[in-house]
Structure formats: C-alpha cells, structure tokens
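This report concerns only the one structure given below.
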Amino acid sequence: MVVPVPQRTPKSAAFGGTSLWGEPPVSPQSLLGSYMPGNLNIADHKARAGSPSRWAGAGSSTSERKLSVELPWPKQIYTVGSFVSGLVHLGTKDRDAIQDVQVSLVCVVHSMYDVYYGGSTNDYRVETSKLLHQDQVLWARTDGDASEPPAELHFRFAIPEFGNDMKGKNPNTPLPPSFHAGKYMGWGKSQAFGIPIGFVRYHIKASVVRKGIFKHKERAYSPFMFLPPSPPPPLLPTLPEVLSVRDLDHLGHLWHCDSASTTVRNGIFGSRGEAVLTLWMPDVPRFPRTLRIPFILCLVFRTHTVKGVYGAPPSHVLPPPAQLDKAALHLRRSIRSCAKGGVQEHKQVIEKDNFLHEITPQTDAWALKQTEGKSYWEQGHIWRGLFTIKEVPNFANRQLTCKYALVCEVPIKGVGNGAKLVSWDVEVSSGVAEGTSVAPTSEGVMLDLPPDYFEDIKDGYDEDDEDGYDMKKKT
C-alpha cells in the first residue's frame, strides 16, 4: 500500500538570510508581514507602522495620554543582538514639575513552591529576581533649568546575551525565553488559588520623578516577548514513499527510535498477546519551533504462539482491536520550580495539539511468523507525517527549568489494555537567528502566552522590590 506523504516546507540554505531558521528569504516588500530587522530606527518604525494615530495608540492625541511606553509592535519577538526601541509618552500633566525621566530594560523571573498540608490547608513560597536591568536617563533637569521635557522621548536598547543572577551569584546567566505557567493551564493545586507556578517576563519600564516633598515617582510598563537565538536548522530526513513494518529496521542513521511493549488480553480469561509501540524521529540534537518535523509511529500486534502451521490466524488467538481513531501523539511539558529552598515539579500533557490528528494509519494484513516449530501472527499500523512545535524552547536556570517529551498513546479495547510510550527528552530551540526580530504576523512563530503575561504589571508587581509580586492581587 502506498500512502501519500505530506510535503516538507523548503528551508533556506543561507545562514543569516532570514529572521527564522527554516523559512525561505523574504522580499523587502513583505518585511512588514514576516520580518523586521532589529536595527531600524524610530522613524522607520513609525513609517512601517502606518499612520501616526496607530503609533500613538487608539487614535488619541498625545495631550490626552498619561505616562505610557509605546512599542511599534507589542507582540513582536526579539532575540539576542536585536534592538528594542520605542517612545515614552509623558503627556502634558505637570510636565514642568518633572525632575528626570528614566527608562529600563528588565527581565524578571518568578517562581512558586506550593506546600499542601491536606484538606483545605496549603501554603506557598514565592521568589522573584531580576536577570536583567539596564537603565537609560532620557531627560534630567539641571539646576536653574525651567524648561519642560518634550512630550515624547525616544529610547533604544540592545538585548545582551547574558543576564546577571545576583541572588544566585552567577554574573553570566543565559537569558531564558518569555514564559508563563499559571492558572490558565490548570497546573496542579495552584489552579484553585490562581497563582502562577512561574514566569519569565521581559518589559520596558518608564519612571518619572516629580519635584515635591516626597518626590512622587510615576511608572509605566510595556511587556514584550523574547526568544534566545538558535543555530542553523539541522538536516532532517524525508519520509519514505513506501513503508512497511519490515522496512522500519532499515530507515538509516538519520532516524532514532524509542519503543515500549505491553501485554494485551482478549477478555478476562482469553489469550494473551503483545502490543509494541515504536516512535521514529530524526536523530538531531534539537528541533526548531519553526521547522516541520517528520515522524513515524508504528503499533505492532503479536499473537501468542501456537503449535502447528496455519494459513490464517484462528479467532481465539487474535488480540482485541486498537481504537485507531483515538490514537494520540502529544508534547508533554515538565516544569521544575524552585523558590526559597523549596522544589516542586509539575508535568502536563499539551492536549490541544494532537500530532496524529487527520492522519489515517496504514494497516497491514496479519502475517504468519514461525519460530522453533511454533507459529504466531503479526499486524502493523503505521502513522507518518509532519508536525511543528509551538511551545517556548527548553531552558534552565536557578529558579525555573522547562523541558519536553513526546507521549504516544493508542487505546486498545478491553479492560486494562492500551499501548503507551513516553519518549526521550525533546530539545526545542527557538528557530530565530541572532540579531533579528520577528514581526507578530509571521505565521506559526507566535508564543503561546496567556493574557496574564501582557497585563498591566503595576496592578500586581513592582520589580523594584525583589520579592514584590503581590500574590493577593492575583487570586
């Protein structure tokens, strides 16, 4: 039987010719929709963003605005070596009282350890630290100066390769990707309290100090998304045009497999058989988020052995059938959260993406096998296709660790039957080249972050206090 093979998306052969590894180069006319270089100045941002009202926000004039931070595209993805630039809007309220205007590039890591005592009693430990904090003074009043600062001030930051974990005394900590795991995902007991297990948030903070007895300080925040850069995409094998169970042992060195076997029974007192579930994946160190990855999944049934030689398998030796329409291949995320000496691990299968969805398996006929004068029969079911990983890349630091594995499961009729395989750890990379930035309209590259990541930070968090995340405001 010949099964149609999905076509792979061609990848660029040029290193550095595109913002995304694995995508063909884009033309200058399509830059707005798929790629924006990180070294554009603010005038270029304004020109590409469209009308001035779009840049100022919601059609309101600057005079009507309070203190705010404006990024050309808030949902744009940045990486190491790219530039984050934008405007700080001061408005007109009490501008003559402003002493100085400062803007900061900040990366905050938050982790939570949930202590459950049973019943309705539980407690939690929270730790918040900064991996990155760079300041720029945009405007400062000198002695005797009676002028007012302009209504708009431009800033520009270059994102460094490393951060500084001062609590962990590690001055060269690689910057992790933007990340958020909380109540929107239903993680464990913490869901009932609305507490995030952990997050990594990048944002621009503007601070304005006004003269007075208490020197009132006003702040505004604008979160943005960050991904660490990744090397060029690996060479991936192509799916074979024709494939059978006996061909799987000869796929070649570009493939790596993992398998698990289980015993299946046809009824309580029925005959026993064996089900072997095997997953083949490209033998590469990491999988970029933006690349279509080939895979082959095979479920093989073997009956128990019988004496003599038969043409067709007798019905009493056949195992119960598999529920092929309910087969699933999911990505499982594991999070390790450390906070003030407490350590907690969480695992969750990402069920919204079933990589076997709409893939019809190839089913072979029962084949007779013989060994030592006994006979048994074997039947294979094969799925093959392509999938793309959309989650944030793997990362690990003192507070948070995020890693992945593939979970395969094929239900089999009968009590206690079923085939399940948890594969080796899957290393996910960003698929973004260093020094570039990715526009939010790029297909398939957006991070799956909840609204909590982009909410108004000052309602529950002030990073000037290392442990200042107000958990009560998040419940």
Which numbered condition D353 fails, given (1) open to solvent by 30 Å² or more (accessible area, probe 1.4 Å); (2) part of a strand (DSSP E or B)
(2)
Keeping to the stretch 410-441, report how many residues are modelled with pLDDT of 85 or more, outside any strand (DSSP E or B) and open to solvent by less than 10 Å² (accessible area, probe 1.4 Å).
3
Can you give me the number of residues within the stretch 146-170 that are of a type in the set (F, W, Y) and either over 23 Å from the mean Cα position of the chain (by Cα) or surrounded by 18 or more Cβ atoms within 10 Å (Cβ to Cβ) (or both)?
2
With the structure loaded, tell me whether G186 is over 20 Å from N397 (Cα atoms), open to solvent by 50 Å² or more (accessible area, probe 1.4 Å) and modelled with pLDDT under 80 or whether it fails that test.
no
Would you point out the residue of the stretch 320-337, among those that are open to solvent by less than 20 Å² (accessible area, probe 1.4 Å) and of a type outside the set (K, R), that is nearest to E391 (Cα to Cα)?
L331
Subset tally (residues that are surrounded by fewer than 17 Cβ atoms within 10 Å (Cβ to Cβ) and in contact (Cβ under 8 Å) with a residue 60 or more places away in the chain) for the stretch 263-285:
3
For the stretch 223-246, the count of residues that are in a strand (DSSP E or B) and open to solvent by 10 Å² or more (accessible area, probe 1.4 Å) equals 2
Determine if the stretch 304-319 includes at least one residue that is of a type in the set (A, V, I, L, M), more than 30 Å from F179 (Cα to Cα), in contact with a helix residue (DSSP H, G or I) (Cβ under 8 Å, 6 or more places away or on another chain) and in contact (Cβ under 8 Å) with a residue 60 or more places away in the chain.
yes
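The values are calculated or read from the model by the stated rules, or taken from the named source; none is laboratory data. The shown structure was predicted, so the numbers you read here are calculated from the model rather than taken from an experiment. A quick note on method: Cβ atoms are made from the backbone with ideal geometry, for glycine too, and the neighbour counts reach across all protein chains shown. Ligands, DNA and RNA are stripped out before the accessible areas are found, and what is left, the full protein with its side chains, is counted by its heavy atoms. Shrake-Rupley method; radii C 1.70, N 1.55, O 1.52, S 1.80 Å.
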